[in-house]
Amino acid sequence: MANIFAFAETRLGELRRAGLEAVTAARRVADQTGGQVHAMLAGGPGIGALAPKLAAHGADVVLVLEGDAYANYNPEVLAATVAARLASGYRAAFFAASAQGHDQVARTAAKCKLPYASDVTEFVFAGDSVTVKHPGYTNKIVQTFVLKAPVAIISLRAGAVLPVENAKAGTVETIAPAIDPATARVKVTSTEAGNRGKLDLGEAPVIIAGGRGLKEAANFALVENLAAAFGNAAVGATRAVTDEGWRPHSDQIGQTGRLVSPDLYVACGISGAIQHLAGMRTSKCIVAINKDKEAPIFKVADYGIVGDVMEVLPALTEAVKAAKAGA
Amino acid sequence: MKIAVCIKRVPDMDVRFKIAPSGLTVDESGLKFDMSDFDGYAVEVAVQITEKLGAGEVTVISLGADNVQETLRKALSIGAHKAVQLKHDAPVSDGYAIATALAAELQGGGYDLVMFGRMAVDTQNRSTGVLTAELLGMPVISAISKLDVENGMVKARRELEGAFELVETSLPAVVTIDEGIARPRYPSLKGIMAAKKKPLEVKPAQLGEQRYVLEKLELPAERAAGRIIGEGKDAVPELVRLLKEEAKVL
Ligand SMILES: Cc1cc2nc3c(=O)[nH]c(=O)nc-3n(C[C@H](O)[C@H](O)[C@H](O)COP(=O)(O)OP(=O)(O)OC[C@H]3O[C@@H](n4cnc5c(N)ncnc54)[C@H](O)[C@@H]3O)c2cc1C
Ligand SMILES: Nc1ncnc2c1ncn2[C@@H]1O[C@H](COP(=O)(O)O)[C@@H](O)[C@H]1O
């Protein structure tokens with residue numbers, strides 16, 4: 001039985017939800033095909049302490065690459081090490097379709113001389129063939145592909161597979177890098193996480209996004225407060241906002257920003273330009289707050305409130321706090 | 001400095017697409033086409049580098065049918081110097097196969113810097129630049145929003161979700177461009193006239209085997225029409241009730 005590989009992404013020593021999603025996906029396939037799940041962790045000294053979380057989500061074996069050279073993302077060593085691992089024979093390898101994942105998986109696929117299914121929302125393994133779905137055309141079209149490869153290399157869109165606990169042995173195996181880290185040509189000199197400890201756009205079940213209707217950077221406090229009231233929310237923004245420098249570019253949602261699909265998306269003072277919709281229209285539930293009742297955002301919003309964000313956001317924040325306290 | 005930029009011709013996304021009867025492409029009638037957003041940023045960055053140096057040459061490369069010549073001319077009109085069409089008439093979805101053809105063209109071209117878009121807005125594969133770099137054996141930094149090229153070194157900022165990395169490598173190198181560095185300029189009349197005289201070479205694409213095969217395109221289920229539940233802060237209690245009881249997200 002061929003085994004299934006999963007790469008569990010971490011950042012600055014913390015496991016990302018996308019990592020557990022990859023392990024859960026691998027478990028699902030292994031249960032169907034009968035192989036084992038080998039989940040890999042890489043990071044600075046101590047990263048191996050996360051192994052039990054991978055075991056809890058279905059890893060039979062946890063491969064740990066640990067050391068100072070991996071405290072920041074080390075693209076060349078990781079790609080070489082994962083590629084060497086895959087060469088030993090796996091049916092499939094799951095990664096996160098995250099910023100790191102997109103970089104890492106393409107490198108790995110090229111080293112393995114294998115095609116790569118990127119940003120997948122659904123997958124079906126049947127005999128020799130793997131069929132996947134992957135949104136394209138700014139998420140306006142669903143593309144179905146057949147992946148013809150001995151090892152199916154797949155990156156998963158955030159939320160495509162939700163983490164499920166399914167405890168396995170999780171035997172820890174320390175692995176060595178396939179190339180000497182000193183020979184790496186590309187060096188990540190620092191990782192700056194503005195929102196360390198908070199959820200990020202790729203993982204949060206709730207996103208509160210602000211647009212030009214917030215009027216100035218300081219008013220994003222209203223958006224932050226609502227996010228804090230939810231407790232499981234991240235803050236996003238439109239390009240109008242990132243262009244103004246009110247929020248960093250990494251917060252931008254849309255055609256040229258991040259593509260997200262949380263359970264709940266709250267659009268505050270956002271007109272709903274087509275390029276913005278491209279990044280969030282697949283959200284499960286959309287709420288819009290805008291003072292203009294003709295704003296296009298209301299066409300995609302499940303629930304709309306016509307009103308001033310300065311007034312509605314504080315009221316909504318209090319109501320959400322009360323609802324959370326009562327729950 | 002010799003720079004190459006790989007650009008893809010894509011339809012304008014601000015439309016309601018229809019699927020062609022083949023099920024494998026969009027219905028192109030009435031659509032406008034241009035280079036993919038991030039590729040436009042990449043061309044602009046490349047042109048700015050040569051303008052700043054007062055020297056150097058930007059070559060734009062596109063793989064596709066003859067209609068990509070229009071996209072290449074557009075890049076020439078905003079300051080690229082030379083263009084190459086890697087001719088292949090049928091659409092290709094396997095990024096690895098495309099990367100193989102691009103690498104074959106770039107190999108031995110003596111480029112100091114090779115640039116890609118972070119993602120093509122139609123396929124959204126987000127992989128062609130990194131795949132090509134690996135096939136060429138060149139170092140690559142992907143999805144960057146800041147770029148400094150000085151004394152043979154590349155220093156870049158890479159965007160993550162809610163975070164960023166500072167990354168370095170040395171030339172020759174490959175980068176893939178995110179938003180944030182530069183917006184493409186509009187072609188001037190002078191630029192458009194000059195572009196007509198710039199060299200555009202056509203070569204057959206040496207595509208790799210296609211192992212990621214498009215089976216069909218489909219339109220996703222339409223979202224149900226939205227509803228406005230009320231005005232001002234008085235509507236908040238009803239919203240909270242719906243989020244709890246109907247949408248079950250609270
Ligand atoms: C190639 C290209 C790529 C792009 N990529 C992106 C992208 O990735 N992401 C993106 O977001 N945009 C993108 N854009 C920009 C996009 O076209 C819009 O300009 C942008 O999304 C508008 O942002 P906005 O909704 O914040 O601002 P606006 O369109 O100015 O809307 C502000 C809204 O706030 C409302 N408002 C004002 N005051 C209040 C108040 N007090 N209370 C409540 N509501 C209020 C107004 O009624 C209005 O609807 C792109 C554009 C191009 C050309
Ligand atoms: N047919 C093509 N011709 C030239 N460049 C391409 C082509 N397809 C993709 N690219 C380049 O690869 C980048 C990423 O594309 P993708 O991996 O499909 O998202 C694009 O932004 C282009 O720079």
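The values are calculated or read from the model by the stated rules, or taken from the named source; none is laboratory data. All values derive from a computational prediction rather than experimental measurement. Please note: Cβ atoms are built from the backbone with ideal geometry, for glycine as well, and neighbour counts cover all protein chains shown.
Here are the numbers for the structure shown:
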| item | result |
| --- | --- |
| Where a residue in segment B:92-119 is over 8 Å from B:Thr132 (Cβ atoms) and its partner, wherever it lies, is among the acidic types (Asp, Glu) and surrounded by fewer than 24 Cβ atoms within 10 Å (Cβ to Cβ), with Cβ under 7 Å and at least six apart | B:Ala97/B:Glu209 |
| Qualifying residue in segment B:186-206 (condition: crowded, with 17+ Cβ neighbours inside 10 Å, out of contact with any Leu (no Cβ under 7 Å at 6 or more places or on another chain) and more than 8 Å from every other protein chain (Cβ to nearest Cβ)) | yes |
| Qualifying residue in segment B:231-248 (condition: within 9 Å of another protein chain (Cβ to nearest Cβ) and part of a strand (DSSP E or B)) | yes |
| Filter result (farther than 28 Å from A:Thr10 by Cα, within 16 Å of ligand 2 (Cβ to nearest atom) and within 11 Å of another protein chain (Cβ to nearest Cβ)) within segment B:148-185 | B:Arg183 |
| Selection count, segment A:242-255, where residues are surrounded by fewer than 24 Cβ atoms within 10 Å (Cβ to Cβ) and either within 16 Å of ligand 2 (Cβ to nearest atom) or touching a residue at least 12 places away in the same chain (Cβ under 8 Å) (or both) | 7 |
| Whichever residue in segment A:234-267 is assigned to a helix (DSSP H, G or I) and of a type in the set (Val, Ile, Thr) and, among such residues, is nearest to the other protein chains (Cβ to nearest Cβ) | A:Thr242 |
| Some residue of segment A:293-301 being among the charged types (D, E, K, R), part of a loop (DSSP other than H, G, I, E, B) and either buried (at least 24 other Cβ atoms within 10 Å of the Cβ) or more than 7 Å from chain B (Cβ to nearest Cβ) (or both) | yes |
| Residue that is farthest from B:Glu215 (Cα to Cα), among those in segment B:81-97 that are more than 9 Å from ligand 2 (Cβ to nearest atom) and among the small types (Gly, Ala, Ser) | B:Ala83 |
| Unmet requirement for B:Thr100, which otherwise passes all of (1) more than 10 Å from ligand 2 (Cβ to nearest atom); (2) in contact with a helix residue (DSSP H, G or I) (Cβ under 8 Å, 6 or more places away or on another chain); (3) farther than 23 Å from B:Pro204 by Cβ; (4) not in a strand (DSSP E or B) | (3) |
| Those residues of segment B:104-160 which are within 16 Å of ligand 1 (Cβ to nearest atom), farther than 24 Å from A:Phe145 by Cα and not acidic (Asp, Glu), in sequence order | B:Ala143, B:Ser145 |
| Residue within segment A:164-173 that is out of contact with any Ser or Thr (no Cβ under 7 Å at 6 or more places or on another chain), of a type in the set (D, E, K, R) and loosely packed, with under 14 Cβ neighbours inside 10 Å present | yes |
| Count of residues meeting criterion [over 28 Å from A:Val146 (Cβ atoms) and within 16 Å of ligand 2 (Cβ to nearest atom)] in segment B:15-60 | 14 |
| Residue in segment B:3-20 that is modelled with pLDDT of 95 or more, away from chain A (no Cβ under 14 Å) and part of a loop (DSSP other than H, G, I, E, B) present | yes |
| From the options A:Ala204, A:Ala273, A:Ala288, residue that is crowded, with 24+ Cβ neighbours inside 10 Å, within 12 Å of ligand 1 (Cβ to nearest atom) and facing another protein chain (nearest Cβ under 10 Å) | A:Ala288 |
| Number of the exception - B:Val174 against (1) surrounded by 24 or more Cβ atoms within 10 Å (Cβ to Cβ); (2) under 23 Å from A:Glu192 (Cβ atoms) | (2) |
| Condition broken by A:Pro177, with the remaining ones in (1) within 11 Å of chain B (Cβ to nearest Cβ); (2) more than 12 Å from ligand 1 (Cβ to nearest atom); (3) in contact (Cβ under 8 Å) with a residue 60 or more places away in the chain satisfied | (1) |
| Flag if B:Leu76 is part of a strand (DSSP E or B), buried (at least 21 other Cβ atoms within 10 Å of the Cβ), more than 14 Å from chain A (Cβ to nearest Cβ) and more than 16 Å from ligand 1 (Cβ to nearest atom) | no |
| Top-ranked residue of segment B:125-135 - restricted to ones that are free of Cβ contacts under 8 Å to residues at least 60 places away in the same chain and surrounded by 22 or more Cβ atoms within 10 Å (Cβ to Cβ), ranked as farthest from the chain's Cα centre (by Cα) | B:Glu134 |
| Of all residues in segment A:126-158 being modelled with pLDDT of 95 or more and within 23 Å of A:Ser88 (Cα to Cα), the one that is nearest to the other protein chains (Cβ to nearest Cβ) | A:Leu147 |
| Filter pass, B:Gly95 being under 17 Å from B:Ala182 (Cα atoms), within 19 Å of the chain's Cα centre (by Cα) and among the small types (Gly, Ala, Ser) | no |
| Members of segment A:119-158 that are among the acidic types (Asp, Glu) and buried (at least 21 other Cβ atoms within 10 Å of the Cβ) | A:Asp119 |
| Candidate set: segment B:42-58, residues that are crowded, with 24+ Cβ neighbours inside 10 Å and away from ligand 1 (no atom under 16 Å from the Cβ); chosen: the one nearest to B:Val149 (Cα to Cα) | B:Ala46 |
| Positions within segment B:188-198 being under 23 Å from the mean Cα position of the chain (by Cα) and either modelled with pLDDT under 95 or among the small types (Gly, Ala, Ser) (or both), in sequence order | B:Ser188, B:Gly191, B:Ala195 |
| All positions within segment A:134-191 that are touching a Leu at 6+ places or on another chain (Cβ under 6 Å), assigned to a loop (DSSP other than H, G, I, E, B) and within 19 Å of A:Asn74 (Cβ to Cβ) | A:Ile175 |
